[in-house]
Each structure stands twice: as C-alpha cells, then as structure tokens.
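S.K.: If you scroll down you'll find the structure; I have some questions about it.
The values are calculated or read from the model by the stated rules, or taken from the named source; none is laboratory data. Keep in mind that what you see is a predicted model, and the values were worked out from it rather than measured. Ideal geometry is used to build each Cβ from the backbone, glycine not excepted, and the neighbour counts take in all protein chains shown. Protein only, heavy atoms only, side chains kept; ligands, DNA and RNA dropped before computing areas. Shrake-Rupley method; radii C 1.70, N 1.55, O 1.52, S 1.80 Å.
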Amino acid sequence: QVQLVESGGGLVQAGGSLRLSCAASGRTFSRYAMGWFRQAPGKEREFVAAISISGGSTYYADSVKGRFTISRDNAKNTLYLQMNSLKPEDTAVYYCAARLFHLVQKLDEYDYWGQGTQVTVSS
C-alpha cells in the first residue's frame, strides 16, 4: 500500500509555471507506475500524464503535450509535474495516483490517490 500527498499548487498568471510534487510513503515507490490527473469544476476527472516505474516511459494528454513534463525520483519517493506555459483552462484540482507495475492512462485502473492540490491560472 502507498499513501500519496500532493503539494505545489497555487495561483499563477497565464504563461507562468508551477511544479507539483507528490510524496509517497513506504519503501516500494519504485514498484508503482504513477499518473497525474485533474478535475475542473463541473467536469469529470481527466488524465494528464503518466510515467513508468523506471521513468523511462511517459505519456501525456494532447492538451498538455509540450508544456507539461512528468518525472520521478525513486530515491526520494517523489513524483513531479512541471507545468509551463500555463493557460486558464489548466485550472483544476490536480491529483497524483499510483498502481502497481504497469503504466496505464485509464483513471479507474489506478488504486491509490492523493487528496489533490489546487492550481488556478488567471488570465
């Protein structure tokens, strides 16, 4: 089992940058594929990015490709999401999620979730 805690959200102007972090408990972080998802008010939670257990494979939603970068530091049990060129439509609560071994993009295939961190992008 793994517990996840996100941080790094906040208010930023359009065009700005933020880096989200997701700290994982336990000593088996390197066995979990990780993902970032987001949920805007009145909308369903959607996939943002995912990374394999080694960090060698990554996937991105088309809406963030070229602007966001997912990475992980297995020695620090931490997942990151670097967000550049932020747009007002990126405003949402951002969640990290974990599942054992295999990288997937489907929300319902992740077993563990953090509590979320708010990102607000002003125009």
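S.K.: Restricting to the stretch 81-102, name every residue that is more than 14 Å from Leu18 (Cα to Cα) and either under 12 Å from the mean Cα position of the chain (by Cα) or surrounded by fewer than 18 Cβ atoms within 10 Å (Cβ to Cβ) (or both).
M.R.: Correct list: Glu89, Tyr95, Cys96, Ala97, Ala98, Leu100, Phe101, His102.
S.K.: Given the options Ala50, Ala33, Ala14, name the one that is at pLDDT 95 or above and within 10 Å of the chain's Cα centre (by Cα).
M.R.: Numbers: Ala33 fails: within 10 Å of the chain's Cα centre (by Cα); Ala14 fails: within 10 Å of the chain's Cα centre (by Cα).
Residue meeting the stated conditions: Ala50.
S.K.: A further question follows. I need a count of the residues in the stretch 60-80 that are of a type outside the set (D, E, K, R), farther than 18 Å from Gln39 by Cα and open to solvent by less than 60 Å² (accessible area, probe 1.4 Å).
M.R.: Qualifying residue count, the stretch 60-80: 5.
S.K.: Residues being modelled with pLDDT under 95 and among the basic types (Lys, Arg): count how many of those fall in the stretch 17-30.
M.R.: So the answer is 1.
S.K.: On the given criteria, is Arg72 under 25 Å from Gly15 (Cα atoms) and in contact with a Lys or Arg (Cβ under 9 Å, 6 or more places away or on another chain)?
M.R.: Answer is no for this residue.
S.K.: Looking at Gly35, Gly55, which one is open to solvent by less than 50 Å² (accessible area, probe 1.4 Å) and touching a helix residue (DSSP H, G or I) at 6+ places or on another chain (Cβ under 9 Å)? Reasoning before the result, please.
M.R.: Details: Gly55 fails: touching a helix residue (DSSP H, G or I) at 6+ places or on another chain (Cβ under 9 Å).
Of Gly35, Gly55, the one residue that is open to solvent by less than 50 Å² (accessible area, probe 1.4 Å) and touching a helix residue (DSSP H, G or I) at 6+ places or on another chain (Cβ under 9 Å) is Gly35.
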